[in-house]
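Read-outs: derived from the displayed coordinates by stated rules, not from any lab. Model, not experiment: these values are computed from the prediction.
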């Protein structure tokens, strides 16, 4: 798929088919996430992929506090995205520049994951509303790691793409171009 077409096709899915997700596709998504750029090659992320009929509903419950993300109950698979400690160079650079690089790196990694999923015919929804304590207990996650996001993964029940509601190009960008050479 051409890259811009892929970007246009990726959307947050909140209505999944009752169909299993192939493990090899999930492996491919994690491999794509692994190859994402990161500050000082720190790669401050770790993925826990859940694709089991007994465990996936328990993960869904962990992202449904206060009535949120009810649709997650229909997701057959999840990727729990953890922040692990960044390497020394990234941490030092962050202190010097007053910039936390790990959240940026994780965002890039998750984008790679979701775009690969889209390319493989899967649909995703990135969830930030979650109960970190419950997820840590459920999956045996160490206290040193933070649960940053959960990605719901499955096949969309409806293939019709919604119209993307985005700010205009003029609102989000300013251009200072020199004239193109012919």
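Quick rundown of the values:
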read-out	value
Theoretical gain in end-to-end length, residue 46 to residue 104 [0.36 nm per residue, Cα-Cα removed]	19.5 nm
For the range 3-172, Kirkwood radius (reciprocal of mean inverse C-alpha pair distance, Å)	16.8 Å
Contour excess over end-to-end distance, with Cα ends at residue 55 and residue 169 and 0.36 nm allotted per residue	36.8 nm
Within a Gaussian network of the chain (alpha carbon springs, distance under 10 Å), most fluctuating of 166, 46, 148	166
